[in-house]
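Participant: Sending over a structure as structure tokens; questions will come in a sec.
The values are calculated or read from the model by the stated rules, or taken from the named source; none is laboratory data. Note that the structure is predicted; figures quoted are calculated from it, not measured. We place every Cβ from the backbone using ideal geometry, glycine too, and count neighbours over all the protein chains shown. To get the accessible areas, we keep the full protein, side chains included, count just its heavy atoms, and leave off ligands, DNA and RNA. Shrake-Rupley method; radii C 1.70, N 1.55, O 1.52, S 1.80 Å.
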Amino acid sequence: MRTGSEVAEGTAAESAVLAAFPDIAVCVAVPIGGGRRDLLLTLRADADPNAAWDEAVRTVVSAAEVRVVTDEWLVRDFGGRVDVDATRQRHRDFLAGAWLPGLGPGSRPEPLPCQRIRVTFAGADSGRAALTWGQRDIWVTMIRQRNWLPQGGRRPLAPGTRVEDVAAELAYLHSRYQSMRTRLVFDGVHDGAVEDAPGGKVRQSVASAGETFLDVYDTPPGQDPDALAARVEAVYRRRPYDLRAEWPIRMAVVRSGGVCRHLVVIMHHLALDAGGAAVMIREVAAGEDREPAGMQPLEQARWQASEAGLRHEDRTLRYFAKSLERLAAGPPPALRPGPRRLRHWSGRLVSPALAAAVATIAARRAVEESVVLTTATAIAFARLADTDRVLIRPRVGNRFRSALADVVCFAAQSGLLVLELGDTGFDEALDRARGASLAAVKNAYFDPEALAAMLDRFAVDHGRGPEVAMYFNDRHAAESGVDYATTAAPSPRGPQRTRGGSTSAFGWLDRRPDPAEPLSVTIDDADGALAVSVHFDTRAIAPEVAEELTWGVEQAALEAAADGSASTGVQLRSGF
């Protein structure tokens, strides 16, 4: 419970902020314990949302965090007034990972469904258990990135599809898959609210039965049903998720002239990863009615807590410890930061030359293209960061494990790989990457909290953190998951840049205040080319350095394709 003095201090802070800044429409002070508070601000329509509000507000009152929020963060009563106590609780629920905002601009005004069809479902298994390792990995990522990581989009429906057919599919998804009947429960809950967040224990709760709704939208005469579907998708993406109360699927049918034309499906990322989506799409298309294969989430949680699971985890932690010892023996990366007001940026290089070079190297060395891309990315990073070893957090699907191969759930995790490149040629670096990648994949099924604790100890023992860990997700040539069009597809901001007459082009995609990882590199197919996307924190890496990293991946691959025996240009460093 919050003390009377905390409430009084919060009210005084709110009044001081509103008096000092006429452009602020609403200010809510949220006590978060230890005498600290966060401030939530909404702005008037003509105010600049990208101004330095945090710095300005801190000249008037102290705060742990000053956050400009949208109206979805505010709880209002029936008269439209802000319910301050409920809004404060919502923010504490957000800090606990129980309530999370969405992404994107939404659609104003929101389209309204003409009908909401009640859909009931029942499944074979139910119960409560700890989060699985995969669930905890993505849930912590959702908290860190401050949104529920929307998945899915919209697609045309086959001719003759009826609303009843779509409702039956929605019931099938919920009934068949545990992950679609899963919500979160928290210890330390009073009247449905998370108290003293964070720190409470979270568990998955799989329901035996329930009901949900299918939204039906009718396209007005003369309008495009795909445009309406895009608006519905945008609304679904932006709308917050209460992971304790809502089911993972939001689904709608868009009709035109009484005919079902488009399907909109959006899910939060806790429900499934790309591998799980591919399984789901296959089984829905086939009308699979056999018992779901593999180890379902409740069983996964039981196994992970068993003696066998603990032995597995112990082996994995020993691998992590040895990898970090090798990291500590080399110099930390020296990447130049370049803080920007909008702190977190994304950019993308689309390179036909990279695709051709990677294919050439993979064929010559008889390795998978993912190993070539890992090697080229590590070389580019080492060159920029003036280090001879690179810490990579590769995204591993874990679907090679027979118990997880055909399970609709979230099983992917960010493993750990340290690649030493000093005084190597390209082919030697490739050989090292092949072995290191295999070891990382074998050891990418683990308790993420245990690795986080190990990284904290590393920082204490060595007087330094592991610095910038490069998250790496190679999605090219992957099995298709949910094949939807989406309003979230990235498009470059401003003109794209090329170099030296090349057909490759780099463009900036997004700039926003909400957190991303310090550095994440993603590889995707792009119509005969490869797309290298970087997502980064400008306080860790300057935008021009991040752009150079993408070009460096292409350059390393081109050099390796031309002469595998040539030096990577990464010098061996010692004495650290």
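Participant: Would you confirm, using the coordinates I've provided, whether Ala286 is more than 22 Å from the chain's Cα centre (by Cα), under 19 Å from Ala440 (Cα atoms) and surrounded by fewer than 17 Cβ atoms within 10 Å (Cβ to Cβ)?
Facilitator: No; evaluated as a whole, the condition is false for this residue.
Participant: Still on this structure, I have one more. Which ones in the range 370-388 are aliphatic (A, V, I, L, M) and open to solvent by 20 Å² or more (accessible area, probe 1.4 Å)?
Facilitator: Listed by number, the list holds a single entry, Leu384.
Participant: Within the bounds of the range 29-46, is there any residue that is in a loop (DSSP other than H, G, I, E, B), of a type in the set (A, V, I, L, M) and under 30 Å from Gln135 (Cα atoms)?
Facilitator: Within the range 29-46 (the criterion being in a loop (DSSP other than H, G, I, E, B), of a type in the set (A, V, I, L, M) and under 30 Å from Gln135 (Cα atoms)), the answer is no, since none of the residues qualifies.
Participant: Would you tally the residues in the range 95-120 being assigned to a helix (DSSP H, G or I) and either in contact with a Lys or Arg (Cβ under 8 Å, 6 or more places away or on another chain) or open to solvent by 20 Å² or more (accessible area, probe 1.4 Å) (or both)?
Facilitator: Count: 1.
Participant: Being part of a loop (DSSP other than H, G, I, E, B), at pLDDT below 95 and more than 15 Å from Arg539 (Cβ to Cβ), is that true of even one residue in the range 322-330?
Facilitator: Yes, some residue in the range 322-330 is part of a loop (DSSP other than H, G, I, E, B), at pLDDT below 95 and more than 15 Å from Arg539 (Cβ to Cβ).
Participant: Hey, another quick one. Here are some residues: Leu354, Leu310. Which one is in contact with a strand residue (DSSP E or B) (Cβ under 8 Å, 6 or more places away or on another chain) and modelled with pLDDT of 95 or more?
Facilitator: So the residue among Leu354, Leu310 that is in contact with a strand residue (DSSP E or B) (Cβ under 8 Å, 6 or more places away or on another chain) and modelled with pLDDT of 95 or more is Leu354.
Participant: State which residue is most open to solvent (accessible area, probe 1.4 Å) when the search covers only the range 336-369 and only residues that are part of a strand (DSSP E or B) and aliphatic (A, V, I, L, M).
Facilitator: Val350
Participant: Given the options Thr360, Thr375, name the one that is under 21 Å from Ile541 (Cα atoms), of a type in the set (S, T, N, Q) and in contact with a helix residue (DSSP H, G or I) (Cβ under 8 Å, 6 or more places away or on another chain).
Facilitator: Thr375
Participant: Can you tell which of Met280, Met251 is in contact with a Leu (Cβ under 7 Å, 6 or more places away or on another chain) and under 30 Å from Phe400 (Cβ atoms)?
Facilitator: Only one candidate passes the filter, namely Met280.
Participant: For residues in the range 254-277 being in contact with a Leu (Cβ under 7 Å, 6 or more places away or on another chain) and within 22 Å of Pro220 (Cβ to Cβ), which is surrounded by the most Cβ atoms within 10 Å (Cβ to Cβ)?
Facilitator: It comes out as Val254.
Participant: Which of (1) at pLDDT 95 or above; (2) under 29 Å from Val279 (Cα atoms); (3) surrounded by 19 or more Cβ atoms within 10 Å (Cβ to Cβ) is the odd one out, the single condition Leu421 does not satisfy?
Facilitator: Here Leu421 clears every test but (2).
Participant: Of the residues that make up the range 126-138, is at least one more than 30 Å from Arg255 (Cβ to Cβ), among the polar types (S, T, N, Q) and either open to solvent by 20 Å² or more (accessible area, probe 1.4 Å) or at pLDDT below 95 (or both)?
Facilitator: The answer is yes; a qualifying residue exists.
Participant: Also: In the range 66-94, how many are within 22 Å of the chain's Cα centre (by Cα) and not in a loop (DSSP other than H, G, I, E, B)?
Facilitator: 9
Participant: Does the range 389-408 contain any residue that is on the phi > 0 side of the Ramachandran plot, open to solvent by less than 30 Å² (accessible area, probe 1.4 Å), in contact (Cβ under 8 Å) with a residue 24 or more places away in the chain and in contact with a Leu (Cβ under 6 Å, 6 or more places away or on another chain)?
Facilitator: yes
Participant: For the range 1-52, what are the residues that are at positive phi and either modelled with pLDDT of 90 or more or open to solvent by less than 70 Å² (accessible area, probe 1.4 Å) (or both)?
Facilitator: Listed by number, the list holds a single entry, Gly33.
Participant: Just give me the residues in the range 261-290 being in a strand (DSSP E or B) and either more than 25 Å from Leu184 (Cβ to Cβ) or among the β-branched types (Val, Ile, Thr) (or both), in sequence order.
Facilitator: Residues satisfying the conditions are Arg261, His262, Leu263, Val264, Val265, Ile266.
Participant: Among the residues of the range 354-369, is any touching a His at 6+ places or on another chain (Cβ under 9 Å), among the charged types (D, E, K, R) and touching a residue at least 60 places away in the same chain (Cβ under 8 Å)?
Facilitator: There is at least one residue in the range 354-369 that is touching a His at 6+ places or on another chain (Cβ under 9 Å), among the charged types (D, E, K, R) and touching a residue at least 60 places away in the same chain (Cβ under 8 Å).
Participant: Go through the range 307-334 residue by residue and tally those that are open to solvent by 30 Å² or more (accessible area, probe 1.4 Å), farther than 22 Å from Val441 by Cα and small (Gly, Ala, Ser).
Facilitator: Number satisfying all stated conditions: 2.
Participant: Could you check the range 143-169 and list, in sequence order, the residues that are surrounded by 19 or more Cβ atoms within 10 Å (Cβ to Cβ) and within 16 Å of Leu184 (Cβ to Cβ)?
Facilitator: Of everything in the range 143-169, those that are surrounded by 19 or more Cβ atoms within 10 Å (Cβ to Cβ) and within 16 Å of Leu184 (Cβ to Cβ) turn out to be Asn147, Trp148.
Participant: Tell me yes or no: at least one residue of the range 187-196 is modelled with pLDDT of 95 or more and open to solvent by 30 Å² or more (accessible area, probe 1.4 Å).
Facilitator: No, the conditions are met nowhere in the range 187-196.
Participant: For the range 215-238: of the residues being without any contact (Cβ under 8 Å) to a residue 60 or more places away in the chain and closer than 11 Å to Pro111 by Cβ, which is most open to solvent (accessible area, probe 1.4 Å)?
Facilitator: Among those that are without any contact (Cβ under 8 Å) to a residue 60 or more places away in the chain and closer than 11 Å to Pro111 by Cβ, it is Gln223.
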